[in-house]
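Everything below concerns the one structure shown next.
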Amino acid sequence: MTATAKIDVKDRDLLAALRQVFGSILGLEDIKALLVPGRLPMKQMVMPMLITDPDRLDGIDPLAPAFPMNAAKVVSKLSRKPVGGTIVVVMRPCEIRAFIELVKLKQGRLEEMVILGIDCLGAFRNADYLRLVGGDGSLSSLDFCRSALTGKTKTDEGIDIAPACRACEYPVAEGADVVIGLLGVDVDDHLLLQSQSEKGSDLLSRLDLPSAPTEKNREQVIADLVARRSAYRDEMFSATGQAVQDLERLTTYLAGCVNCYNCRVACPVCYCKECVFVTDVFNHEPIQYLQWAQRKGLIKMPTDTVFYHITRLAHMSTACVGCGQCSNACPNDIPVMELFRTVAQSTQQAFEYTAGRSVDEKPPLSEFRENEFNEVVGIR
């Protein structure tokens with residue numbers, strides 16, 4: 001099932017090499033479209049683009065250190081019903097893991113999808129990226145890529161990639177049909193393509209690319225990166241756990257929340273069609289606020305902010321993939337990702353579950369397990 005090929009890179013232009021292979025993919029008879037990050041002419045922002053014409057690949061930039069949204073929700077929309085052909089989607093590892101969770105929640109389908117995962121070197125927060133790119137393309141994706149491959153992700157201005165990326169222990173897209181390899185690869189000479197499924201092998205066989213041996217030091221480079229990120233992650237877990245270890249500290253941690261619900265909208269695995277927090281359940285009568293204030297002397301407005309986050313944690317900490325879009329979307333810079341990843345780590349460990357690891361792995365609480373948590377339910 002596993003096949004390995006390479007994309008030759010000419011004149012050190014990685015994007016040109018990717019454009020060439022993506023053009024070949026779009027030229028295949030059964031391929032309907034390609035979903036890939038592309039650069040918009042306004043503000044140099046990078047967003048997912050659905051492309052059907054090989055001549056429209058000039059603006060693609062899957063190497064850009066920009067991550068304005070998790071594309072899992074987009075792929076969910078594209079895959080929920082048959083389209084009569086195959087769509088190839090280029091995604092980061094956390095996007096693939098989120099999409100796998102959505103598939104398990106019946107919010108998407110793997111049929112008619114071929115997933116191309118690309119080694120993830122990280123991305124800047126939205127505000128930092130826009131400041132760095134400056135509207136004139138001053139932040140080069142290729143320069144960032146080469147710098148990040150040497151272990152340097154911090155810019156000359158002292159701006160580093162987002163905390164979610166620094167804490168991510170999944171830089172390689174294990175759930176993809178084909179992986180585009182950067183780590184441990186001489187990217188000025190070639191890029192690595194490696195199939196991980198029957199669909200991936202079939203795609204590679206039709207692209208007429210030269211075969212390539214597995215890079216000798218790729219596994220070690222990946223292991224070293226995972227070790228560095230895991231160390232940062234564990235420090236983050238420790239600091240966040242101390243910061244929210246009781247209700248008073250959690251309230252302080254979330255004091256800046258204004259109930260905008262941006263984190264819910266940005267979260268790729270928060271999938272409810274109607275959220276209870278935007279229904280009449282939390283549309284309190286004016287007299288209710290006055291009664292609360294009279295009883296306590298004062299209340300913070302808006303109310304229900306801590307309850308909102310606790311409810312979301314209870315609802316989806318089993319499915320959190322740590323992409324960081326919740327923090328990216330927060331207008332008041334609350335470190336929501338740190339809180340959700342810390343709780344999600346404990347929740348998923350308790351259920352011996354890793355979100356997005358496998359489509360065959362049932363989500364926690366979705367099936368009866370006779371010997372689960374006997375010490376809690378009292379069954380001996």
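The values are calculated or read from the model by the stated rules, or taken from the named source; none is laboratory data. What you see is a predicted model; the values in this text were computed from it and never measured. Quick reminder, even Gly has a Cβ in these numbers, built from the backbone with ideal geometry, and neighbours come from all protein chains shown.
Below is a table of values for the structure above.
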| quantity | calculated |
| --- | --- |
| Neighbours by Cβ (under 6 Å, 6+ apart or cross-chain): first from segment 114-129, at positive phi; second assigned to a helix (DSSP H, G or I) and of a type outside the set (A, V, I, L, M) | GLY122/CYS165 |
| Cβ pairs under 9 Å, 6+ apart, first in segment 100-112 and more than 16 Å from ALA355 (Cβ to Cβ), second among the small types (Gly, Ala, Ser) and assigned to a helix (DSSP H, G or I) | ARG109/SER76; ARG109/SER79; LEU110/SER79; GLU111/SER79; GLU112/SER79 |
| Unique residue being out of contact with any Gly (no Cβ under 8 Å at 6 or more places or on another chain), assigned by TED's automatic domain parsing to the domain that holds THR303, assigned to a loop (DSSP other than H, G, I, E, B) and not aromatic (Phe, Trp, Tyr) when the list is CYS257, CYS263 | CYS257 |
| Segment 134-180 - residue that is of a type in the set (A, V, I, L, M, F, W, C) and without any contact (Cβ under 8 Å) to a residue 60 or more places away in the chain and, of those, surrounded by the most Cβ atoms within 10 Å (Cβ to Cβ) | LEU149 |
| Selection count where residues are of a type in the set (Asp, Glu), in a helix (DSSP H, G or I) and at pLDDT below 95, scope segment 318-352 | 0 |
| Selection from segment 183-196 of residues that are in contact with a strand residue (DSSP E or B) (Cβ under 7 Å, 6 or more places away or on another chain) and either surrounded by 21 or more Cβ atoms within 10 Å (Cβ to Cβ) or in a strand (DSSP E or B) (or both) | VAL185, HIS190, LEU191, LEU192, LEU193, GLN194, SER195 |
| Close pairs (6 angstrom Cβ cut-off, 6 or more residues apart or separate chains): in the same structural domain as PHE340 (by TED's automatic domain parsing) and among the hydrophobic types (A, V, I, L, M, F, W, C) in segment 269-290, assigned to a loop (DSSP other than H, G, I, E, B) and surrounded by 10 or more Cβ atoms within 10 Å (Cβ to Cβ) anywhere | VAL269/ALA319; PHE282/ASP304 |
| Where ALA164 falls short, out of the listed (1) assigned to a loop (DSSP other than H, G, I, E, B); (2) farther than 23 Å from LEU18 by Cα; (3) in contact with a helix residue (DSSP H, G or I) (Cβ under 9 Å, 6 or more places away or on another chain) | (1) |
| Hits in segment 269-295 - residues which are assigned to a helix (DSSP H, G or I) and either modelled with pLDDT of 90 or more or aromatic (Phe, Trp, Tyr) (or both) | PHE277, PHE282, PRO286, ILE287, GLN288, TYR289, LEU290, GLN291, TRP292, ALA293, GLN294, ARG295 |
| Selected residue [at pLDDT below 95, surrounded by fewer than 20 Cβ atoms within 10 Å (Cβ to Cβ), more than 22 Å from ILE161 (Cα to Cα) and in contact with a strand residue (DSSP E or B) (Cβ under 7 Å, 6 or more places away or on another chain)] from VAL9, VAL83 | VAL83 |
| Test: residue in segment 41-54 that is crowded, with 20+ Cβ neighbours inside 10 Å and touching a residue at least 40 places away in the same chain (Cβ under 8 Å) | yes |
| Residue count, segment 11-29 (criterion: among the hydroxyl-bearing types (Ser, Thr, Tyr) and outside any helix (DSSP H, G or I)) | 0 |
| THR214 free of Cβ contacts under 8 Å to residues at least 24 places away in the same chain, touching a Leu at 6+ places or on another chain (Cβ under 9 Å) and assigned to a loop (DSSP other than H, G, I, E, B) | no |
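Condition check ((1) within 21 Å of the chain's Cα centre (by Cα); (2) modelled with pLDDT of 95 or more) across all residues:
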residue	(1), (2)
VAL172	yes, yes
VAL178	yes, yes
ARG206	no, no
ARG228	yes, yes
LEU247	no, no
VAL265	yes, no
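Residue-by-condition table, conditions (1) part of a loop (DSSP other than H, G, I, E, B); (2) touching a helix residue (DSSP H, G or I) at 6+ places or on another chain (Cβ under 9 Å):
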| residue | (1), (2) |
| --- | --- |
| ALA98 | no, yes |
| LEU102 | no, yes |
| GLY108 | yes, yes |
| TYR129 | no, no |
| LEU139 | yes, yes |
| ALA148 | no, no |
